[in-house]
Amino acid sequence: MAASVGFIGLGAMGSGMAASLVKAGFRVKGYDVWQPAVERFVAGGGLPAGSVAGAADGVTALVLMVVSGEQAEDILFRQGAADSLPQGSVVVLSSTVPPSTSRAIAERLTADKARGLEFVDAPVSGGVARAAEGALTIMASGTGGGLARASAVLGALTAAPPGKLFRIDGGPGAGSSIKMVNQLLAGVHIAAAAEAMALGAQMGLDTRQLYEIISQAAGSSWMFCNRVPQMLDDDPTPHSAMEIFVKDLGIVLAEGSRGRFPLPLSAAAHQQFLHGSALGLGRQSDAMVVKVFPGVSVASPGQEAATVKPGRIPLRGALAELPPEWSGPSADAIRSEVSAHRAPRVVVLDDDPTGTQTVHGIRVLTTWAVDALATELRSGSPGFFVLTNTRAMPEEEASRTVREICANLRAAADGVPFTVVLRSDSTLRGHFPAEGDAVSEVLGDFDVWVLCPFFLAGGRYTIGDVHYVKEGDDLVPAAETEFAQDKAFGYSSSNMKAYVEEKTRGRVKAADVVSFSVEELRSGGPDGVCRRLLSLSKGSVVVVNAASNADLDVFCAGMLRAEEGGLRVLCRTAASFVSSRMAVPQIAPLGPRDLGLAERRGGPGGLIVVGSYVPKTTRQVEALVSSWSHRMEAVYVSAEALSSTDLCAAEAEVSRAAAAAERAIRGGTDAMVCTARRLLSGADAKESLEIGNRVSRGLVEIVRAIQTRPRYLLAKGGITSSDLASKAMGASSAMVVGQAAPGVPLWELGPGSRHEGLPFVVFPGNVGTDETVAEVVQRLAMPPRKGTVEILADAAKGGCAVGAFNVYDLVGAAAVVHAAEESGSPAILQIHPASLRAPGGGAALVAGCMELAKRASVPVTVHLDHAGEADWPEAVMLGMDSVLVDGSSLPYEENLAMTRRAVEICHRRGISVEAEIGRLSGTEDGLTVEEYEARLTDPAKAAEFVAATGVDMLAVCIGNVHGRYPPSGPDLDLDRLTDIRRAVPSSVGLVLHGASGLPAGLISRCTAAGVVKYNVNTEVRSAYVAALRGPDGEGADLAALQAAGHAAMREAAASKMQLFGSCRAAA
């Protein structure tokens, strides 16, 4: 059993340390006064403790990673943690505390020798990232047996390179003394680095070049290289907060004072950190101590030198370092403004259709005619989307389109207040600043431009002005991802301030860009946002950092108040901002039941169209094909042919692909139309866009040529989605009903489109895991056809039974299926081996029945009835759903042996098996059994037979007969049936042959006793034959005779379904 460890203090460092112990296999109970920290810890595999005493109870080691020595003493001796520790356990104190505090705690803990408690003074160094990786440096000293008892825990915290565990002589306090010296040097080095860089800035030096030179010179230090990049980027992210050095250097000075030892450098550095704290910077990075120097700015984010580019960081660690979210009612404030119609209508100009990723109940327009815009502005909705598709256009055309839309908006508004949001890519691709300039040309200059690319569902975070993309458990700077290599919209800056300067070609300098940090949003709330926005100079560009939707709620609430104060704001954002601004609450992804698809069996398959070329899409296509190829037709098209100037080649490729997809969809199979995975690029961005547009036009033509309405349409890629909606489907509007997966919009096409109400999945190229496309397709696709055993199990749960009807041709088979669909009943099509050998039978009959079953809107299966030793392999070869392996005419042991062989082979192919013991009287498709040969089923033998063979269904003989019952009526032994049901496992369905002629009351009693399948032959066959011979039979047209037979057999089958109680039972 894993050793049990208690951990108190799940802050920035503590959460990573506790997680490392969980990964190392310890059973860790965690406690923190901030409940979200506990919830994150539990989500990572830890166990929650309700109190400090609960964390200490029953553990072999208790680790404290708290703010101060005073807090450690309070937890141990006043809140009861020490009293709850079991005998022989060890306390590990990893906080930075005065050496005297460590010694005092050790003395109190070990005073009661009978309890055998030990103490280890184990301060740590290395930072948040190394804490999460188990790569800390620990300086450990302790009581006699303390180090030995804590060795496994300390080893786990230092196991990964470059972690190191130092065991220090001198008892408790020795480790803290060394940590104190380390903190002296660290604090002085940071303060000295800040002073040096401030001096360089004051002298007019290029601070980035200064950093590059000093970092390679003798004046460099580890702290200089680690902290100065944050100074240059003006990055306040508190990997180590300034308040830590206010405390730690305070400990250093107190120890020096106690020993009458002068520490002039420590005192000077301490004053710098105290100054920064007094300026309100205490919760920011200790690197921000550079801001205590008046009149100079070290920050220089305009040129991201390679040595200072942000790197990959652990997501969990980055989020753990942030302060708690704002606790005020920011989202409620927005909803109040919107519901009272005080907030302007939000008109989202979406440069591709994927921006609807976070909303529902909001309309999308693919046209911007004045009357359409006017209708939506007055609809009462908080806003709507206009699909511009400008990301697929050259910059000049994109600007022209935006100007046209804004002019129409101005004409349509007629006094209705509205605000424009430019929704664009969360990975920073698109026409910036051109589209914003176009809006300003028509609607006038704005006081503030806001950039906010945060998008939670897509794993896009902006922290410390750096925009990140989530990959696995890490955050990767956006400029280091595949998206930044886009031929048309590539970029090199992850820092948003630098990105603005890069994209505006220096028109807006990075140093002039204003940013709202996560810390500011979470501490100042909406009022702080409002005050700061109103204080900005006209024309300011603002970057919004965010790590949660709550951060956006805070900013939007403050922005609304500023707009009420007269501020004009133009926002360019990702999707999450839009839902916050419209106050649209988040809902869970929708499934087939929400779309009315859950119970819709039969009919056409779905259509998946893949146009996106980003590597993520390629991986998603590979995962889809790997997991779904058995139920999907993959139609690959040549991008070279579609983009060719040879129109004949392009048309031929369109026709080939459309025909292949049409066949699959019409046959009930999903079809994927996918461009070959090689990206075609032009000589420049404009030519690359044109090639992409020609390929997209080819995909549109393919979809236009498909006449069958698919079950659903999934478009992969923004340009692909836009073109298919507006051009292939002819949709002028759609309703966003929700999301198919996080970040994946789900629309229903509006009135006037080719397929009104069609579920349309708008799947962005850059969203989801490698498996997300496959997961969405599998949810929306046709439900898999149920097997015979599943149908019977459902019937048993519903207290009814299912009819198995013998069919001899496809007219009869269609009659049974139609009766089942009209009745809402499951059904089984039974084929006797004799029919396999009859003219018009054989494999063709089975294939036809299987196709009818596949297309049926209710569960239908195909069963081979009464198959002897030579017959049952036919069921395997023809792929039937189930088979009756009939050895009832054989001696019991031979019947058992044959059935067991058949079960073994059939089950490997997914075919369920029915068996029969006992002999029925009557006539069975040419097989006559005399009354005197009949034997009833023995319950004990039935149980033995089922256990030995593993059959799924058992046909029983309780006095039932094949053919017609004698004039005296059926005489069934229901007590015997009840005994069989008790003897045989409930998972094995009981079958009653010879159901023709059984009265309703007897059927009900048999069903109540456990029968779930009734075989029906005589009555449906007689009805069919009688219709063929009927009054108009002689000389009638063959088609008319078939129609009469179909109608008669359908009526007979429907009456039996009613009798068996299966009507409306299909599920």
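Some points to look at:
- Where helices (runs of 4 or more DSSP H) sit wholly within the stretch 608-667, those with at least 2 residues that are at pLDDT 85 or above occupy 615-628, 647-666.
- Being touching a residue at least 12 places away in the same chain (Cβ under 8 Å), closer than 30 Å to residue 319 by Cα and either β-branched (Val, Ile, Thr) or assigned by TED's automatic domain parsing to the domain that holds residue 728 (or both) is not true of residue 405.
- At least 1 residues being of a type in the set (S, T, N, Q) and closer than 30 Å to residue 261 by Cα is the threshold, and among the strands (runs of 3 or more DSSP E) wholly inside the stretch 79-181 those reaching it are 137-142.
- Sub-6 Å Cβ pairs linking a first residue in the stretch 253-279 that is outside the structural domain of residue 292 (by TED's automatic domain parsing) to a second residue that is among the charged types (D, E, K, R), at least 6 apart or interchain, number zero.
- Listed conditions (1) assigned to a strand (DSSP E or B); (2) modelled with pLDDT under 85 are all met by residue 570, apart from (2).
- Residue among 254, 268 that is part of a helix (DSSP H, G or I), in contact with a Pro (Cβ under 8 Å, 6 or more places away or on another chain) and either surrounded by fewer than 16 Cβ atoms within 10 Å (Cβ to Cβ) or at positive phi (or both): 254
- Residue list for the stretch 280-303, filter: within 16 Å of residue 190 (Cβ to Cβ), of a type in the set (A, V, I, L, M, F, W, C) and under 44 Å from the mean Cα position of the chain (by Cα): 281, 287, 288, 289, 290, 298
- Evaluation of residue 50 against (1) touching a residue at least 12 places away in the same chain (Cβ under 8 Å); (2) over 40 Å from the mean Cα position of the chain (by Cα) (one fails), failing number: (2)
- Tally of residues being in contact with a Lys or Arg (Cβ under 7 Å, 6 or more places away or on another chain) and over 14 Å from residue 350 (Cα atoms) across the stretch 428-437: 1
- Taken over the stretch 409-439, the criterion of being farther than 20 Å from residue 550 by Cα and in contact with a Cys (Cβ under 9 Å, 6 or more places away or on another chain) is satisfied by 419, 420, 422, 438, 439.
- For the stretch 219-242, the criterion of being of a type in the set (A, V, I, L, M) and more than 45 Å from the chain's Cα centre (by Cα) is met by no residue.
- Candidate set from the stretch 322-344 (those that are at pLDDT 85 or above and in contact with a helix residue (DSSP H, G or I) (Cβ under 6 Å, 6 or more places away or on another chain)); member that is nearest to residue 379 (Cα to Cα): 325
- Of all residues in the stretch 573-591, at least one satisfies being closer than 29 Å to residue 745 by Cα and assigned to a strand (DSSP E or B).
- One residue stands out among those in the stretch 113-165 that are surrounded by 19 or more Cβ atoms within 10 Å (Cβ to Cβ) and basic (Lys, Arg): the one that is modelled with the lowest pLDDT, which is 130.
- Scan of the stretch 58-85 for residues that are within 17 Å of residue 150 (Cα to Cα) and surrounded by 15 or more Cβ atoms within 10 Å (Cβ to Cβ), ordered by number: 59, 60, 61, 62, 63, 64, 65, 82, 85
- Wholly enclosed helices (runs of 4 or more DSSP H) of the stretch 781-884 bearing at least 3 residues in the same structural domain as residue 1055 (by TED's automatic domain parsing) and under 34 Å from the mean Cα position of the chain (by Cα): 788-798, 842-855
- When residue 570 is tested against the conditions (1) crowded, with 24+ Cβ neighbours inside 10 Å; (2) hydrophobic (A, V, I, L, M, F, W, C); (3) over 27 Å from the mean Cα position of the chain (by Cα), the lone failure is (1).
- Strands (runs of 3 or more DSSP E) wholly inside the stretch 471-547 containing at least 1 residues that are assigned by TED's automatic domain parsing to the domain that holds residue 455 and hydroxyl-bearing (Ser, Thr, Tyr): 514-516, 540-544
- Test: residue in the stretch 35-44 that is within 33 Å of the chain's Cα centre (by Cα) and among the acidic types (Asp, Glu): yes
- Candidate set: the stretch 201-215, residues that are in contact (Cβ under 8 Å) with a residue 12 or more places away in the chain and in a helix (DSSP H, G or I); chosen: the one nearest to residue 295 (Cα to Cα): 202
- Annotation: residue 605 fulfils all but one of (1) closer than 16 Å to residue 715 by Cα; (2) assigned to a helix (DSSP H, G or I); (3) touching a helix residue (DSSP H, G or I) at 6+ places or on another chain (Cβ under 6 Å); the unmet one is (2).
The values are calculated or read from the model by the stated rules, or taken from the named source; none is laboratory data. A quick note: this is a predicted structure, and the numbers were derived from the prediction, not measured. Every residue, glycine as well, gets a Cβ built from its backbone with ideal geometry; the counts of neighbours run over all protein chains shown.
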